[in-house]
Amino acid sequence: MAIVPMTYGHHVPIISDKVDLPILNVMNKDATLNEETDLAVTKEPHSLRVPRSQRGGEPLAEKALLAVEKGELTIIPERFEKRTNIKDWCISRQLWWGKRIPVWYIVGKDCEEEYIVAKSAEEALMKARDKYGNALWPFSTPGWPDESAEDFKRFYPTTMLEIGMVMMGTEFTGTVPFSYVYLHGLIRDSQGRKMSKTLGNVIDPIDTIKEFGTDALRFTLALGTAGQDLNLSTERLTANTAFTNKLWYAGKFVLQVLPNRDNVS
């Protein structure tokens with residue numbers, strides 16, 4: 001006989017055709033052993049050890065969903081508010097400390113807690129201005145954990161952000177970090193692929209403006225539906241260049257035939 005694990009008894013030409021043997025499935029669909037084959041020798045209980053991060057365990061997503069249900073947070077476009085299958089934020093991405101040398105230290109801060117890793121002093125300065133992870137940004141930059149700081153009381157919570165960094169702010173401050181979330185789509189290439197240097201399909205907006213004009217590029221991007229990705233192609237830009245040119249000439253004609261301000265009673 002031919003024993004074929006993990007195939008659910010599917011036809012395997014390499015075995016069944018060349019050897020001409022019957023196929024026995026030793027595994028059930030729920031990953032248990034198929035005892036009907038009479039091939040099992042012993043059956044013993046086994047405790048599975050599932051590792052967990054020491055930073056996990058907090059139900060962050062539930063609080064964010066509750067803020068939407070209560071109307072404390074509005075998502076634009078509206079259809080995205082119906083999504084409930086969000087996952088807890090990855091805490092491991094929000095480390096507050098830096099990495100290995102070369103290291104720059106912040107004056108007036110504890111060197112063991114506050115330092116910047118960079119290739120140059122200029123890069124270190126830029127990193128110091130944008131030190132924390134984006135989920136911490138809405139409340140860490142105004143001075144948190146000092147909630148009595150003037151900037152924190154003045155600028156937190158804010159009004160709108162384009163990405164949903166709700167979980168961390170709600171967890172650590174007890175307040176929704178902003179009232180509106182605007183979700184916009186990606187600008188993709190003509191084949192619907194995400195632009196990347198590896199694929200070589202990146203469209204430089206400066207070069208696009210030089211070839212097609214600013215109005216054509218703006219009009220093309222404005223045609224996209226809110227929250228939906230937009231496939232950008234030279235064909236679409238060419239067509240919209242012709243349209244914006246006609247629109248410009250039409251506007252110029254209207255302005256020419258309009259009466260002068262001095263002649264309007």
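Can you tell me which of Gly227, Gly169 is at pLDDT below 85 and at positive phi?
Of Gly227, Gly169, the one residue that is at pLDDT below 85 and at positive phi is Gly227.
Consider Leu217 carefully, then state whether it is outside the structural domain of Pro77 (by the TED database), in contact with a Leu (Cβ under 8 Å, 6 or more places away or on another chain) and surrounded by fewer than 13 Cβ atoms within 10 Å (Cβ to Cβ).
Criteria not met by Leu217.
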task: With respect to Asn240, determine if the residue is surrounded by 13 or more Cβ atoms within 10 Å (Cβ to Cβ) and over 20 Å from the mean Cα position of the chain (by Cα).
output: yes
In the stretch 169-192, residue most open to solvent (accessible area, probe 1.4 Å) [restricted to those that are over 19 Å from Trp89 (Cβ atoms) and more than 16 Å from the chain's Cα centre (by Cα)]: Gln191
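Quick check, is Lys194 touching a strand residue (DSSP E or B) at 6+ places or on another chain (Cβ under 8 Å) and without any contact (Cβ under 8 Å) to a residue 40 or more places away in the chain? Let's see the steps before the verdict.
Values: touching a strand residue (DSSP E or B) at 6+ places or on another chain (Cβ under 8 Å): yes; without any contact (Cβ under 8 Å) to a residue 40 or more places away in the chain: yes.
Yes: the conditions hold for Lys194.
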- line: Those residues of the stretch 144-169 that are hydroxyl-bearing (Ser, Thr, Tyr) and closer than 26 Å to Ala226 by Cα come to a total of 2
message: Give me the residue from the stretch 95-146 that is among the charged types (D, E, K, R), open to solvent by 90 Å² or more (accessible area, probe 1.4 Å) and assigned to a loop (DSSP other than H, G, I, E, B) and, out of that set, modelled with the highest pLDDT.
response: Lys119
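The values are calculated or read from the model by the stated rules, or taken from the named source; none is laboratory data. Bear in mind that the values here come from a model prediction, so they are computed numbers and not experimental data. Cβ: placed from backbone, ideal geometry, glycine included. Neighbour counts: every protein chain shown. In case anyone asks, the SASA skips ligands and DNA or RNA and just uses the protein heavy atoms, side chains included. Shrake-Rupley method; radii C 1.70, N 1.55, O 1.52, S 1.80 Å.
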